[in-house]
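Participant: Have a look at the structure that comes next, please.
The values are calculated or read from the model by the stated rules, or taken from the named source; none is laboratory data. All values reported here derive from a predicted model rather than from experimental measurement. Positions of Cβ are backbone-derived with ideal geometry, glycine not excepted, and every protein chain shown enters the neighbour counts. When the accessible area is computed, the model is the full protein with side chains, heavy atoms only, and any ligands, DNA or RNA have been set aside. Shrake-Rupley method; radii C 1.70, N 1.55, O 1.52, S 1.80 Å.
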Amino acid sequence: AGIIRATDNSFGIKGVASGVDLYAVKTMNQDGEAYLSQVIAGIDWAIENNMDIINLSLSTQSDSLVFKNIIDKAYQNGILIVAASGNDVTGFGDTVDFPARYSSVIAVGAIDAQNRLASFSSTGPSVEVVAPGVSVLSTYLNGSYARMNGTSMAAPFISGYLALIKEAYPKLSNFQLRSILLENTLDLGLPSLDPLFGNGLIKASRLTM
């Protein structure tokens, strides 16, 4: 939430899209665990309440047709879905978790401050983009701040960035906004799309339309 929305108030940190309307849809318990049915109910709430973007800093290694169906339904209803690719070790095998692996989801990997792929970041053909995910400073419990690692930190950078594009071009569809995102990246790995960095690192600069 802090990465996306932290207020621009000269204190602490500033979020990527500090003016966005942010809704916290609680599906997990205090240990960061949830039944799949609870996550599905949260996504269904987002559909029913006309959200523009869903950030899913969560993952599972188990596929589910019911999960895929609700994700696809959200996408078909014009919602952008952004998810952490998972923290299942880098390699050339396909280690991307669900729901990031679904084609209707923007799967986000993690890089460090030197633009190197994080050692934990899941890889595979589903990865679309990467964002900072190592030692990321953000808001934490009880009004404090903390540095954390994970693709769960990288995903909200993408969600916040998409919120800015949506604000600038409110009439564009989720398909068009996703295309703009992917066209405005810095290639970090092999030329074009690759299983480590996807299309590359997001660039918050003048957009190519």
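Participant: Only residues in segment 143-156 that are part of a loop (DSSP other than H, G, I, E, B) count as the first member; pair them with residues that are open to solvent by 70 Å² or more (accessible area, probe 1.4 Å), Cβ under 6 angstrom, at least 6 apart or cross-chain, and list the lot.
Facilitator: GLY150/ASN87
Participant: Taking segment 169-209, which residues are without any contact (Cβ under 8 Å) to a residue 12 or more places away in the chain, among the small types (Gly, Ala, Ser) and either assigned to a helix (DSSP H, G or I) or touching a helix residue (DSSP H, G or I) at 6+ places or on another chain (Cβ under 8 Å) (or both)?
Facilitator: SER179 - this is the single residue of segment 169-209 that is without any contact (Cβ under 8 Å) to a residue 12 or more places away in the chain, among the small types (Gly, Ala, Ser) and either assigned to a helix (DSSP H, G or I) or touching a helix residue (DSSP H, G or I) at 6+ places or on another chain (Cβ under 8 Å) (or both).
Participant: Would it be correct to say that ASN55 is in contact with a strand residue (DSSP E or B) (Cβ under 6 Å, 6 or more places away or on another chain) and open to solvent by 40 Å² or more (accessible area, probe 1.4 Å)?
Facilitator: yes
Participant: Considering segment 157-168 alone, what residues qualify as being farther than 19 Å from GLY133 by Cβ, surrounded by 15 or more Cβ atoms within 10 Å (Cβ to Cβ) and in contact (Cβ under 8 Å) with a residue 60 or more places away in the chain?
Facilitator: Within segment 157-168, LEU164, LYS166 qualify.
Participant: Residue under question is ILE71, and the condition is that it be in contact (Cβ under 8 Å) with a residue 12 or more places away in the chain and touching a Leu at 6+ places or on another chain (Cβ under 7 Å); does it hold?
Facilitator: no
Participant: OK, next. In the set ASP63, ASP72, which member is acidic (Asp, Glu), part of a helix (DSSP H, G or I) and closer than 21 Å to ASP94 by Cβ?
Facilitator: When all the criteria are applied, what remains is ASP72.
Participant: All but one of (1) surrounded by fewer than 19 Cβ atoms within 10 Å (Cβ to Cβ); (2) within 15 Å of SER138 (Cβ to Cβ) hold for GLN30, so report the exception by its number.
Facilitator: Among (1) surrounded by fewer than 19 Cβ atoms within 10 Å (Cβ to Cβ); (2) within 15 Å of SER138 (Cβ to Cβ), the lone unmet condition for GLN30 is (2).
Participant: Continuing with the same structure: From the list ALA155, ALA163, ALA204, ALA146, exactly one residue is hydrophobic (A, V, I, L, M, F, W, C) and modelled with pLDDT under 95. Which is it?
Facilitator: After ruling out the rest, the residue left standing is ALA204.
Participant: Also, quick follow-up: Any idea which of SER121, SER126, SER135 is farther than 29 Å from GLN76 by Cβ and among the polar types (S, T, N, Q)?
Facilitator: Answer to the check: SER135.
Participant: Could you run through segment 93-120 and say how many residues are touching a residue at least 40 places away in the same chain (Cβ under 8 Å) and part of a loop (DSSP other than H, G, I, E, B)?
Facilitator: Within segment 93-120, residues that are touching a residue at least 40 places away in the same chain (Cβ under 8 Å) and part of a loop (DSSP other than H, G, I, E, B) number 5.
Participant: Sticking with this structure for a sec: Picking from ALA24, ALA34, ALA17, which residue would you name as being more than 18 Å from ALA154 (Cβ to Cβ), modelled with pLDDT under 95 and in contact with a Leu (Cβ under 8 Å, 6 or more places away or on another chain)?
Facilitator: ALA34 is the lone residue from the list that is more than 18 Å from ALA154 (Cβ to Cβ), modelled with pLDDT under 95 and in contact with a Leu (Cβ under 8 Å, 6 or more places away or on another chain).
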